[in-house]
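Below is one structure; the comments refer to it alone.
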Amino acid sequence: AQSVAQPEDQVNVAEGNPLTVKCTYSVSGNPYLFWYVQYPNRGLQFLLKYITGDNLVKGSYGFEAEFNKSQTSFHLKKPSALVSDSALYFCAVSGVNAGNNRKLIWGLGTSLAVNP
Amino acid sequence: DAGITQSPRHKVTETGTPVTLRCHQTENHRYMYWYRQDPGHGLRLIHYSYGVKDTDKGEVSDGYSVSRSKTEDFLLTLESATSSQTSVYFCAISTRQGGEYEQYFGPGTRLTVT
């Protein structure tokens with residue numbers, strides 16, 4: 001079965017420290033991988049995606065993510081966390097379904113709290 | 001918010017009543033989606049549309065119907081609301097078909113069924 005796992009419900013970091021939000025996936029075929037962020041009472045905002053090419057992808061607000069095919073992971077990272085980064089983060093993968101159609105498969109989200 | 005609005009933003013309704021949520025976009029995108037977001041379940045696709053009058057079911061379509069009579073509007077209808085449909089509903093668009101294209105989300109509608 002195709003799936004996405006975000007193994008940590010919550011991540012706490014101190015402001016200025018590096019942060020990592022983890023994501024692993026299981027899909028058939030080549031994956032297309034996405035990170036989204038959701039601030040309180042807002043819709044999801046696209047952060048970055050991996051389609052092909054360089055395994056390190058840079059996105060909005062200083063975030064980046066590293067695609068690791070052997071570990072089937074796509075962890076979100078930022079070198080120096082800000083209090084304003086506190087939000088809910090979702091990983092998603094575009095998996096191949098019947099008829100060769102692709103649908104997004106979503107992780108359950110990780111709540112990031114950055115402490116001043 | 002990629003020119004996407006949702007109405008109403010909040011609604012409280014009683015079990016058994018019909019409810020229609022509206023998603024409106026201003027940028028003429030072909031692909032539109034309805035999701036629900038619930039704690040412990042993340043986002044789940046209800047229905048999606050790939051053009052005017054072209055719609056298909058997602059993973060949790062039971063109890064929901066959709067209509068798209070013009071490009072800019074995608075309506076989600078709960079024919080007879082149940083308490084299990086209490087949720088936050090998000091509309092999304094994508095600029096192209098294909099798994100490599102990201103989706104852009106509206107602000108959401110919080111629906112409570114009492």
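Annotations
- Euclidean distance of C-alpha centroids, the stretch B:63-97 and the stretch B:24-53, integer Å: 7
- Averaged over peptide A:37-43, the number of partner chain Cβ atoms lying within 10 Å of each residue's Cβ comes to 4.
- Where the alpha-carbon atoms of the stretch B:53-105 are placed on the principal axes, they occupy 35, 22, 16 Å, in descending order.
- Phi-based couplings in Hz for the stretch B:15-24 (Karplus 6.51, -1.76, 1.60; Gly and Pro marked x): 3, x, 8, x, 9, 10, 10, 10, 10, 10
- For the protein assembly as shown, alpha-carbon Rg relative to the globular expectation (2.2 N^0.38 Å, N residues): 1.02
- Chain B, relative contact order in percent, only Cα pairs under 8 angstrom and at least six apart counted: 36
- Taking A:G62, A:G29, A:G16 in turn, the Gaussian network model of chain A (Cα-Cα springs below 10 Å) assigns the largest fluctuation to A:G29.
- Longest to shortest principal axis, alpha-carbon extents of the stretch A:3-115, angstrom: 46, 30, 22
- Within the stretch A:15-75, the ratio Rg/Rh, alpha carbon atoms throughout and Rh by Kirkwood, equals 0.98.
- DSSP beta bridge pairing in the protein assembly as shown, given as percent antiparallel to the nearest 5: 90
- Candidate lysines - alpha carbon under 29 Å from A:K78, same-chain residues fewer than 8 apart omitted: A:K22, A:K49, A:K58, A:K69, A:K103
- Residues whose amide H comes within less than 5 Å of that of A:A81, counting only those at least five positions distant or on another chain, are A:G16, A:N17, A:L19 (H built at 1.01 Å from N in the peptide plane).
- Chain B: Cα Rg divided by the 2.2 N^0.38 Å rule of thumb: 0.99
- Per-residue Karplus couplings for the stretch B:67-80, computed as 6.51 cos²θ - 1.76 cosθ + 1.60 with θ equal to phi - 60°, are listed in order as 8, 9, 8, 8, 4, 7, 10, 10, 9, 10, 10, 9, 5, 8 Hz, Gly and Pro entered as x.
- For chain A, share of DSSP beta bridges that run antiparallel, in % to the nearest 5: 90
- Using θ = phi - 60° and Karplus 6.51 cos²θ - 1.76 cosθ + 1.60, couplings along the stretch B:56-64 (whole Hz; Gly, Pro as x): 8, 7, x, 7, 10, 8, 4, x, 10
- Based on C-alpha pairs under 8 angstrom that are at least 6 apart in sequence, the stretch A:3-115 has a relative contact order of 37 percent.
Where a number appears in this text, it was derived from the coordinates with a stated rule and is not lab data. Please read these numbers as outputs of a predicted model, since none were measured by experiment. Don't worry about glycine lacking a Cβ; one is built from the backbone with ideal geometry, like all the others, and counts go over all protein chains shown.
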